[in-house]
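Colleague: Before anything else, here's the structure in question.
The values are calculated or read from the model by the stated rules, or taken from the named source; none is laboratory data. Here the structure is a predicted model, which is why all the values come from computation and not from measurement. Don't worry about glycine lacking a Cβ; one is built from the backbone with ideal geometry, like all the others, and counts go over all protein chains shown.
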Amino acid sequence: MFTLRQYLFSVEDPYGLFRTLEDIEFERDATGRIRYRIGNSAVSFPVRYNGERYALRCYFNPRRNLRRIYQAGYYERELFIYDAPPRGRWVDVVLIPWVEGEELTMVLLRALEEQNKCLLATLSAQFDSLATALLQAPWAHGDLKPENIIVDTGGALQLIDRDGMFLPEMAGEQSPELGTAAYQHPLRTAELFDATLDDYSVALLSTALHALSLDPTLHTRYGHREGLIIDSRHPAEDEALNEILHLFARNGLAVRYRIARTLLRRRPNTLLCRPLFELLGKPFASIEEPWPELFFSEEGLWGFRREEEVVIPPLYDEGYDFSEGVAAVRLGDYWHFIDPTGRVALHCPPCRGVKPFRNGHAILYTDEGDFRIDLAGNRFEF
């Protein structure tokens, strides 16, 4: 095992202790100290080499798979570090392009302190774009968390620290690490090592970021936790996740609600992430007649089809056929009326059940009594 102190001592050596990277220049802060970014498994130094800016990654423990992951950026037995001067050893390092910017953690905390919902929404949307591409890739990152995502100078999200990633050529092997526990399924093991490795982390981060963009006060109540507001160790009993599920259901966010519920699955690879992320922001059917018809899926959820084509995927816990251009659907404890594109046309107040629209009115059954409602949301007593 190697320490940060050992690496700092070596890179400060005026004669240089590199085997081939002789012209590396370390960046320093205003006080003259060498700059670095430290993680759980390695320290990264911003350096100049051949006129370009790079990250020199130095590892606290020997790591396997680095050559396959970083290829030409992997330098075997490159840096000499001291155990007890003059004794020491040659260690492997990685040299890759430096990503300039701030950790997502820091940008997110600033947005939360400022109650900047616009920035929070932007971060959520950017992460979903990154996540969609990641879920479609044949590889996986392996340790997805805000500290391993950089908001670069152009505002885009960039992944860093790929040391635990899965590549197709690694199929059948065991994972060299289990990622950061706060962002992993509690049952993740070394045997789970394939392209679905990031499914749970993607669902957790997307759920938390979007929930915070809707209600930043969630961070006030749950931001003291090690992870990002959701307790991945006990999701079924987690107050934050339960509150988020109600938030999504109350707002009729069907796809968001289903992504959040994948966090309750007993298997580490949720399997459902990819098709759900492909639905984000996507209108389903045309607004024109004929109206889609209700159907029941094998997963126990309700969706809609037009003839044989599924136009609104099975996302709802209960529902009715379309009538007068809208259909009543239930998400969790909340009823809504949606149009054929899947957009919520009318949010219902808390109620036990509904009846579809007939002659311009639907019926709602509530604890306060039963009444009729029109598409504008006006209530009428019987």
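Colleague: Could you look through segment 20-58, keep only residues that are on the phi < 0 side of the Ramachandran plot and small (G, A, S), and pick out the one that is modelled with the lowest pLDDT? Can you show your working first?
Modeller: Of all residues in segment 20-58, those on the phi < 0 side of the Ramachandran plot come to 20-31, 33-49, 52-58.
Now narrow it down to the ones that are small (G, A, S): 30, 39, 41-42, 44, 55.
Values: A30: 93, G39: 82, S41: 87, A42: 92, S44: 94, A55: 95.
Residue satisfying both the conditions and the ranking: G39.
Colleague: Check off (1) over 25 Å from P314 (Cα atoms); (2) free of Cβ contacts under 8 Å to residues at least 60 places away in the same chain; (3) in contact with a helix residue (DSSP H, G or I) (Cβ under 7 Å, 6 or more places away or on another chain) for H219 and give me the number that stays unchecked.
Modeller: (2)
Colleague: Quick one: what pairs do we get from segment 15-36, first residue without any contact (Cβ under 8 Å) to a residue 40 or more places away in the chain, second exposed (fewer than 15 other Cβ atoms within 10 Å of the Cβ) and of a type in the set (S, T, N, Q), C-beta under 9 Å, 6+ apart or different chains?
Modeller: Note: pairs meeting the criteria are D23/N50.
Colleague: Scanning segment 144-163 for residues that are in contact (Cβ under 8 Å) with a residue 40 or more places away in the chain and in a loop (DSSP other than H, G, I, E, B), which turns out surrounded by the most Cβ atoms within 10 Å (Cβ to Cβ)?
Modeller: Applying the filter and picking the extreme gives L144.
Colleague: Here's a follow-up. Within segment 199-214, identify whether any single residue is in a loop (DSSP other than H, G, I, E, B), in the same structural domain as D128 (by TED's automatic domain parsing) and in contact (Cβ under 8 Å) with a residue 40 or more places away in the chain, and answer yes or no.
Modeller: Looking for residues that are in a loop (DSSP other than H, G, I, E, B), in the same structural domain as D128 (by TED's automatic domain parsing) and in contact (Cβ under 8 Å) with a residue 40 or more places away in the chain, one finds none in segment 199-214, hence no.
Okay, residues lined up against (1) hydroxyl-bearing (S, T, Y); (2) assigned to a strand (DSSP E or B); (3) out of contact with any Leu (no Cβ under 6 Å at 6 or more places or on another chain):
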site: F295; (1), (2), (3): no, yes, yes
site: G300; (1), (2), (3): no, no, yes
site: V310; (1), (2), (3): no, yes, yes
site: P314; (1), (2), (3): no, yes, no
site: D321; (1), (2), (3): no, no, no
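Colleague: May I ask you to list the residues in segment 47-72 that are in contact with a Lys or Arg (Cβ under 9 Å, 6 or more places away or on another chain) and closer than 16 Å to F18 by Cα?
Modeller: V47, Y54, A55
Colleague: Pick from segment 1-17 the residues that are part of a loop (DSSP other than H, G, I, E, B) and either touching a Gly at 6+ places or on another chain (Cβ under 9 Å) or of a type in the set (D, E, K, R) (or both): which of them is surrounded by the most Cβ atoms within 10 Å (Cβ to Cβ)? Let's see the steps before the verdict.
Modeller: First, pick out the residues of segment 1-17 that are part of a loop (DSSP other than H, G, I, E, B): 1-3, 12-17.
Keeping just the survivors that are either touching a Gly at 6+ places or on another chain (Cβ under 9 Å) or of a type in the set (D, E, K, R) (or both) gives 12-13, 17.
Numbers: E12: 11, D13: 12, L17: 16.
My answer is L17.
Colleague: Which residue, of P349, P283, is under 30 Å from A133 (Cβ atoms) and either free of Cβ contacts under 8 Å to residues at least 60 places away in the same chain or outside any strand (DSSP E or B) (or both)?
Modeller: Working: P349 fails: under 30 Å from A133 (Cβ atoms).
Only one candidate passes the filter, namely P283.
Colleague: Under 8 Å by Cβ, and 6 or more places apart or on different chains, what pairs join a residue from segment 225-242 that is at positive phi with one that is part of a loop (DSSP other than H, G, I, E, B)?
Modeller: I229/G223
Colleague: Does V311 count as touching a Pro at 6+ places or on another chain (Cβ under 6 Å), crowded, with 17+ Cβ neighbours inside 10 Å and within 30 Å of L204 (Cα to Cα)?
Modeller: Yes.
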